[in-house]
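One structure below.
The values are calculated or read from the model by the stated rules, or taken from the named source; none is laboratory data. No experiment lies behind these values; they were computed from the predicted model shown. Don't worry about glycine lacking a Cβ; one is built from the backbone with ideal geometry, like all the others, and counts go over all protein chains shown. The accessibility values were calculated without ligands, DNA or RNA, using every heavy atom of the protein model including side chains. Shrake-Rupley method; radii C 1.70, N 1.55, O 1.52, S 1.80 Å.
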Amino acid sequence: MTDARKFDELVSWHAKPVAGVGMGWDPGWRADGGAFAPNISPSDPYWNTVLDKAQAAYGDPGMRFNTSDPSADRYLVFSDGTRVPTDGSLAYRDNGNTYVMNNDGSVSLLGGDGKAGQPFFPEFRRNEAGQYVPVNAQGQQVAPLAASYVDDPATGKRTYYNANGDVVGSEQRPATPPPGSQPGVATDEQQSGRTADAVRKLHDEMKDRYSQLSEAEGKLTEAMLSARTTTAEGQQKLNDDRRGGQQPGDVAGHSGGRAGVLEVLAQSGRRDRRSTPVGDFDC
């Protein structure tokens, strides 16, 4: 049920009959019309306390009392002189309109007959000062500025507060759906399974690439060792031939000349590759 929020102090006071000369007391106002109601003098700190609270709760720093004359009734008025609702309902006044603030965060436009209209929830827009301005569909402010807000995850309701911690209003925020409730959005469990499959696939690909790389490195190493072995063996044979007085082309079983030397070196390299493990060479 939507009810108007109430100010926690009085909003009007009755005039106190002016005392006669020499009565020795400061006439002010009283809380009710009883003849013996206690007097609240104009100098009593009570009035400043009430006014400070009203300015914060109604969101109107220019709010004041209508009179300082003890012979007239006293009540709170907005900065433009309009009287606040007499039943103590909290309201906001702007652009010639009065909006009653309800307990559910909605506001209602107060009609000329003093009756509140259909409640509606304002939209809050953040200004340059970092405050939240509640506005209607026409962009007109309908409630006091809010300095902060608190979200209720269970209901999606956001409640706004002024600098004093008083509720200014609220609005319904779009509820965040639970995981997996939206079409096309994977749940945590589904995402975990897909992640595991992706990791396994990546691992297999990396393993296969590493195997291919290792094989290629092995072949390259063998070729380099074989080339070194062939060169060393051929050089040794040439040195031996020179010391023995033979020409490179006179190697037994082979024709002379440069071609014969190359053939000897090639055969020597092939023989060494077949008979000598790669790890036995000192590189």
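Worth a mention:
- Yes/no for residue 172 being modelled with pLDDT under 85 and open to solvent by 40 Å² or more (accessible area, probe 1.4 Å): yes
- The requirement of being among the aliphatic types (A, V, I, L, M), open to solvent by 40 Å² or more (accessible area, probe 1.4 Å) and modelled with pLDDT under 95 is fulfilled nowhere in region 95-104; no residue meets it.
- Just one of (1) over 35 Å from the mean Cα position of the chain (by Cα); (2) open to solvent by less than 50 Å² (accessible area, probe 1.4 Å) fails for residue 45. It is (2).
- Residues in region 136-154 that are closer than 17 Å to residue 60 by Cβ and of a type in the set (Val, Ile, Thr): 142 only.
- Here the condition is being open to solvent by 40 Å² or more (accessible area, probe 1.4 Å) and assigned to a loop (DSSP other than H, G, I, E, B); of 69, 60, it holds for 69 alone.
- Some residue of region 6-15 being in a loop (DSSP other than H, G, I, E, B), open to solvent by 30 Å² or more (accessible area, probe 1.4 Å), acidic (Asp, Glu) and at pLDDT below 80: no
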